[in-house]
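**Q** Below is a structure I'd like to ask you about.
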Amino acid sequence: MPKKLSGILVGSLVVLVSSISLMAPFLLPALRQSGVQTTFPVVAGLMIGLCLLIILTEIQNSVLTNQLIALLGILIAINAGLRFLENAIPGPAGFSPVFLLIILTGYCLGGKIGFLMGALTMLVSGLITGGIGPWLPGQMITAGWVGQTSGWLRILIHGLRWKDTKMEIAILAGFGAIWGMLFGLIMNLWFWPFLGTSSGIGYLQNGLLIENISRYFSYYLTTSILWDATRSIGNVLLLLLLSRPMIKLFERFRQRFSFKVTSTP
Amino acid sequence: MNKPSLLWVIWMFISLIVMLSMRNPIYLLIAVLSLSLVGSRLAEQRGRKGWLSQTSGFLATMIFLSALINTLFTHTGQTVLFSLPESWFLVGGNITIESMIYGSINGLLIGSLYLIFSILNLALSISQMTRLIPPAFQPITMIITVALSFYPSIQQRTLEIKEAQLIRGNPMKKLSDWLPLLMPLLTSSLEKAITLSESMTARGFSSRPANKQANLDLAILVVGTFLIFSGWMLSLYHYPVFVQRLLYSLGGIAIISFFIWTNSRKKITRLRKETWLKKDYLALAFLIILSVSLSIGMLWLNFNEQLTFSPYPALSLPKITLTGICLALLPGLPLLVLP
C-alpha cells in the first residue's frame, strides 16, 4: 500500500508541475511580460524533461521485470516501424498508426507499461528516423499520457462489466478519438513558446484565464483542427477494425508475462 | 572516425544557449549559415545526399509559415501595409511589416533549432546516442537496445508476412486487410519476447533495484525538481533574487547528486568504448572553458542584451557589435575540427 501511495503522490506532483509548465502563459499573468517570454521555452522544457525523468525512474523501480523489458522492447520495435512507415508513406494529414498499440498496451497491461510504451516509442522512432529534437520531451510525455490513461479505461470497463462487449470497443474508439485531438492540443502548447508568445495567440496582458483560453481555442481551430481530426478519425478506424483480436492476443500473453522468478534466501 | 559524443553534446548546449538568446536577424542569419556549413560538411562525410536542400526547404517553410501566421493574427506595428475589416474574427485589423518581420525572426529561430538537432543526428550514430543515457536508467536503456536490435528483423518479418498474404490473394489495400499481417507479426514477436526474457534471466540480468535506496533516489529527484520549479515561480513574482538563485542551486545540486549516486551504484560493462585522441581532450577543455565563459557572460555581463532585437513598435535597423558576431559564429566551431 505505501508503494502505491507513493506512486500516486509522485504521479500527482508530476501532473501538477507539467500541467502548470505547459499552461503557464494562461495561468500566470506575470509570464506574459516581454522580459520573461524569452526564457519561458527553456524553463518549461527543463520542467517537462525533469517530470519525464521522475516518471521513468518511478516506473523502472516499481514494475519493470525481465519479461516486461523484453515485451516492451519488441512492441516498441513494431511501433517504431509503424512510425517509420508513417513518415515514409504519409497518410492523410495527421493520420498516425502508432496510437493503436500504445492504447492497447496500456489498456491490457496497465497504465505504467502504457506510459513506457508511448514515451519510448517516440524516443526509439526518433533515434531511427533522425528525429531527435527539442520537441522530443513534449512528444514523449504526451504519448506516455496516452498509454497511462488507457490503463484507467480498463478499471472503468471491467467495473461496468463491459469486457468482451461492443461497448468495450466503442469506448476504446472514443478514447482514441479524444486523444487524437488532445495530442495535437498539448503539442501546440509545447511548441508555441518557441514561436514567441506574442505571435499568433496574442495573449491579452490583463486578460482573464477564460479569455485567453478562448483565444487559444480559436487559434487552434483555425490552424490545427484538420490535422488533428484526421489523426482522431484514423485512431477510431484502427481501434474499431483491429482492437478486438489484438486485445484477445494481449490477454493471452498477459498471464505468461506476469510469471515471476524468485529465489529463496 | 566519429568524434566523441560528449564533445557534440557540449557543442549542442552552447549553440542552444546562444540561439535561444538571439533575436537579432543579422546574427541569426550568420548562425544559420555557420550551421548549414557544418551540416553540409558532415552530410558529405556520411554520404547523405540532399541534406542541404532538404533543410533549406524546411527553413524556408518555417520562415514563411511563421511570418504568415504572425502577420495575420498580430496587428501591432506602425508600418501598415493594408487593413482587413475589423469584423473578420482574429485576422481583422492592420497587416504590418513589423509583425511580418517578427514572425520571420521566429521562423528563423525554429529553423536554426531544427538545424542544430539535425547536425547532432548526423554527427552521432544511434549507438552513441543510446550510450548517452545515464546508467541510472539502465532498464530503460535495455528496452531501447532490445527495440533497436529487433527492429531490422521485425521489418524483415513484416515483409515476409506481407508477401505471403499477397500470394494468398489478400489485396492489402483497406485497413482491415492489414489484420492478417499484424496478428502473425504480433504473435511471433511476443513469443520471441518470452524467449528473450528467459535468456536474460538465465544470464543473470535483473532489472529490479538491488537495494532500498531506490526510493531515496526518487525522493531526491522529486525534491530537486520541486525546488527548481519553486525558484521559477518565485522569479515570476519578483521575489528577492538571492532566494530564487538559492532554490535553483539547491535543486541543481539535488539533481546532480541523484545522477552521481545512482550512476555509481549501477555497474555496467561498456564494450567498444569511444576512442579519445589528444586533440579531443584539448577540444573538451576548450569547450568547457567556453561554456563557463558564456554562462558568466549571459548571467553577469548581459551578453543576451546584445543579441536581442524587436521590430516593435516601429521598424529599425538591428545593432551589430563585435561580441554579437563572435557569439553568432560559435555554432560553426566544428568547422575548425571537421576534416
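The values are calculated or read from the model by the stated rules, or taken from the named source; none is laboratory data. All figures in this text were calculated on a predicted structure; none of them were measured in a lab. Cβ coordinates were reconstructed from backbone atoms using ideal geometry, including for glycine residues, and neighbour counts include every protein chain displayed. Calculation scope for accessible area: heavy atoms of the full protein, side chains included, ligands and nucleic acids excluded. Shrake-Rupley method; radii C 1.70, N 1.55, O 1.52, S 1.80 Å.
**Q** So which of B:ALA147, B:ALA123 ends up being open to solvent by less than 20 Å² (accessible area, probe 1.4 Å) and closer than 30 Å to A:SER62 by Cβ?
**A** It is B:ALA147.
**Q** Hey, can you tell me all the residues within segment A:132-166 that are over 22 Å from A:PHE250 (Cα atoms) and in contact (Cβ under 8 Å) with a residue 12 or more places away in the chain?
**A** Selection gives A:PRO134, A:TRP135, A:LEU136, A:PRO137, A:GLY138, A:GLN139, A:MET140, A:ILE141, A:THR142.
**Q** For segment A:114-145, what are the residues that are β-branched (Val, Ile, Thr) and surrounded by 23 or more Cβ atoms within 10 Å (Cβ to Cβ)?
**A** If the condition is that a residue be β-branched (Val, Ile, Thr) and surrounded by 23 or more Cβ atoms within 10 Å (Cβ to Cβ), then A:THR121, A:VAL124, A:ILE141, A:THR142 are the ones that fit.
**Q** Let me ask you something else. For a quick check of your reading of the model, give me the residue pairs whose first member lies in segment B:182-206 and is within 7 Å of chain A (Cβ to nearest Cβ), whose second is open to solvent by 60 Å² or more (accessible area, probe 1.4 Å) and at pLDDT below 90, with beta-carbon atoms closer than 8 Å and at least 6 apart or on different chains.
**A** So the pair list comes out as B:ILE194/A:ARG256; B:THR201/A:VAL261.
**Q** Can you find a residue in segment B:90-97 that is under 20 Å from the mean Cα position of the chain (by Cα), open to solvent by 30 Å² or more (accessible area, probe 1.4 Å) and not aliphatic (A, V, I, L, M)?
**A** no
**Q** Which of the residues that make up segment B:104-118 are touching a Leu at 6+ places or on another chain (Cβ under 6 Å) and either closer than 12 Å to B:ASN2 by Cα or among the aliphatic types (A, V, I, L, M) (or both)?
**A** B:LEU108, B:LEU115 - these are the residues of segment B:104-118 that are touching a Leu at 6+ places or on another chain (Cβ under 6 Å) and either closer than 12 Å to B:ASN2 by Cα or among the aliphatic types (A, V, I, L, M) (or both).
**Q** Filter the helices (runs of 4 or more DSSP H) completely within segment A:34-153 down to those with at least 3 residues that are modelled with pLDDT of 85 or more.
**A** A:40-62, A:66-88, A:98-109, A:111-129
**Q** Any residue in segment B:158-177 that is facing another protein chain (nearest Cβ under 10 Å), surrounded by 15 or more Cβ atoms within 10 Å (Cβ to Cβ) and either more than 19 Å from A:ARG83 (Cβ to Cβ) or touching a residue at least 12 places away in the same chain (Cβ under 8 Å) (or both)?
**A** Within segment B:158-177, one or more residues are facing another protein chain (nearest Cβ under 10 Å), surrounded by 15 or more Cβ atoms within 10 Å (Cβ to Cβ) and either more than 19 Å from A:ARG83 (Cβ to Cβ) or touching a residue at least 12 places away in the same chain (Cβ under 8 Å) (or both).
**Q** A follow-up question, please. Take segment B:269-285 and flag every residue that is surrounded by 10 or more Cβ atoms within 10 Å (Cβ to Cβ) and assigned to a loop (DSSP other than H, G, I, E, B).
**A** Across segment B:269-285, the qualifying residues are B:GLU274, B:THR275, B:TRP276, B:LEU277.
**Q** Return the only residue of B:ARG265, B:ARG245 being in contact (Cβ under 8 Å) with a residue 12 or more places away in the chain, over 25 Å from the mean Cα position of the chain (by Cα) and open to solvent by 80 Å² or more (accessible area, probe 1.4 Å).
**A** Of the residues listed, the single one that is in contact (Cβ under 8 Å) with a residue 12 or more places away in the chain, over 25 Å from the mean Cα position of the chain (by Cα) and open to solvent by 80 Å² or more (accessible area, probe 1.4 Å) is B:ARG245.
**Q** Does A:ARG161 satisfy the criteria of being at positive phi and charged (D, E, K, R)?
**A** Here the answer is yes, as A:ARG161 does meet what is asked.
**Q** Taking the condition of being modelled with pLDDT under 90 and open to solvent by 40 Å² or more (accessible area, probe 1.4 Å), how many residues in segment B:180-193 meet it?
**A** Number satisfying all stated conditions: 1.
**Q** For segment B:116-224, which helices (runs of 4 or more DSSP H) that fit wholly inside it have 2 or more residues that are touching a strand residue (DSSP E or B) at 6+ places or on another chain (Cβ under 7 Å)?
**A** Correct list: empty, since no element meets the threshold.
**Q** With (1) modelled with pLDDT of 85 or more; (2) under 30 Å from B:ASN2 (Cβ atoms) as the list, and B:LYS266 as the residue in question, which single condition is left unmet?
**A** (1)
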